[in-house]
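A short reminder: the numbers here are calculations on the coordinates, not readings from a lab. Small disclaimer: the values here were computed from a predicted structure and weren't measured. Glycine also receives a Cβ, built like all others from the backbone with ideal geometry; neighbour counts cover every protein chain displayed.
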Amino acid sequence: MKKALPWWGEFSFTPSETKCWRIKNRLIAIKRGSREWTIWNNQTATEMDLAIAVNKPKSRESFEDIEFSRYLLGDTTDTLIIEPSLADRAVVVRPNRPLVVMPQEKINLYVSTPIWVTVLIPERDVPMADIPFWRPSDSWFGPSTMSGDLCYSKYTDAKLDIERLEKRSHRASTMVTIKNDQDKPLTIERLNIPVPALKLYVNQDGEFWTDQVSILQRFEHNKSISHVRHSPPENIQLMELVSESRELSKKASFLSSIASLVD
């Protein structure tokens, strides 16, 4: 079977040329003008398990009913850079059933989170566009409505076996290690994955992976605290770095102690 070409990287555009990134009816189309780029974004409610295809508009295909944006410049370049990126907010993973980690046990969970399409002009740092293939619903994560963060929400089975993890061309996989260092069981109903602080990689099979996340849950100062760190994937030697993390946390405690990462 012929291996599919990557949908990301550097793409050349001739004047007035349009290129399309598709997952069936999900469409992102980019057209080069003399002094502007036009980007159409046709979103769909249903997430499909198909490969991302890059091609030209179909015969007689019209974008007139599709939402679009225009990006103006003095002159357009011959090339654009299409970069996969992780979500611009943390993603709250909700297992379909609560998970219970027994005292002094360590487990590995595998979850996936959506990928954004970041469109860059060569030699410019600010992206022209930043579009999710599928935008998750909004969620609030925190101890109260006054304290916490706006996140994205995703339901998942949170696989224990990496072979059972569903891999999709528009998603990235993350290994989460959880150590329960408490003297009581740890029940997990929601898990906050700090994807804006993670780097994105691709392996030799074209699958996207993020930094792995390690969570040590222990009881300190009369409350349960999550000590968190992230590091490159275990098989980093077989992977290529695709994009840097979006941001380092502005919270000094982000990678050391978080009271509400596990809920």
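Tabulate in residue order the Karplus-calculated ³J(HN,Hα) for region 22-27, using 6.51 cos²θ - 1.76 cosθ + 1.60 with θ = phi - 60°, rounded to whole Hz; enter x for Gly and Pro.
My calculation for region 22-27 gives 10, 10, 6, 7, 6, 9 Hz in order.
Take the cross-link list Lys179/Lys199; Lys19/Lys159; Lys106/Lys223; Lys167/Lys223; Lys24/Lys179; Lys24/Lys106 and give me the ones stretching past 32 Å between alpha-carbons.
Those over the limit are Lys19/Lys159; Lys167/Lys223; Lys24/Lys179; Lys24/Lys106.
Between Glu10 and Asn96, how many nm apart are label points set 7 Å from Cα along the C-beta direction?
Each label point is offset 7 Å from its Cα along the Cβ direction, giving 4.5 nm.
Choose one answer from Leu216, Leu238, Leu80: the residue with the largest mean-square fluctuation in a GNM of the chain with alpha-carbon springs under 10 Å.
Looking only at Leu216, Leu238, Leu80, the largest GNM fluctuation is found for Leu238.
Please compute the volume of the convex hull spanned by the alpha-carbon atoms of region 9-83 and report it per residue in Å³.
Looking at region 9-83, the number lands at 104 Å³ per residue.
Under 4 °C and 1.567 mPa s, how fast does region 106-216 diffuse according to Stokes-Einstein, given a Kirkwood radius computed over C-alpha pairs? Answer in µm²/s, whole number.
Estimated via Stokes-Einstein, D reaches 81 µm²/s.
Mind listing the phi-derived Karplus ³J(HN,Hα) values for region 199-209, rounded to whole Hz, using 6.51, -1.76 and 1.60 with θ = phi - 60°, and x for any glycine or proline?
After applying 6.51 cos²θ - 1.76 cosθ + 1.60, I find 8, 10, 10, 10, 9, 5, 9, x, 8, 8, 9 Hz.
Based on the mean of other Cβ atoms within 10 Å per residue, sort peptides 219-231, 83-95 so the most packed one is first.
Final packing ranking: 83-95, 219-231.
Set the Förster distance to 35 Å, then compute FRET efficiency between Met48 and Gln104 from the Cβ-Cβ distance, nearest 0.05.
It comes to 0.25.
Gaussian network model of the chain, Cα springs within a sub-10 Å range: biggest mean-square fluctuation belongs to which of Gly33, Gly206, Gly74?
Fluctuation is largest for Gly74.
Around Asn42, under 15 Å between beta carbons, what's the net of Lys plus Arg minus Asp minus Glu among the other residues?
My count for the surroundings of Asn42 gives +2.
Can you tell me the FRET efficiency between Ser59 and Thr187 if r is taken as the Cβ-Cβ distance and R0 is 51 Å, rounded to the nearest 0.05?
0.35
Using θ = phi - 60° and the Karplus form 6.51 cos²θ - 1.76 cosθ + 1.60, what ³J(HN,Hα) does each residue of region 102-116 get, whole Hz, x for Gly and Pro?
The phi angles translate into 6, x, 6, 10, 10, 10, 10, 10, 10, 10, 10, 9, x, 9, 9 Hz.
How much of the DSSP beta bridge set in region 50-194 is antiparallel, as a percent to the nearest 5?
Antiparallel bridges make up about 85 percent of those DSSP assigns within region 50-194.
Which FRET efficiency value, to the nearest 0.05, is calculated for Gln204 and Asp75 with the Förster distance at 41 angstrom and r the Cβ-Cβ distance?
0.60
What residues have an amide H closer than 5 Å to that of Glu105, excluding those fewer than 5 places away on the same chain, when H is modeled at 1.01 Å from N in the peptide plane?
Here Asn180 satisfy the definition.
Mean shadow of the chain, computed from the convex hull of its alpha carbons, in nm²?
16.7
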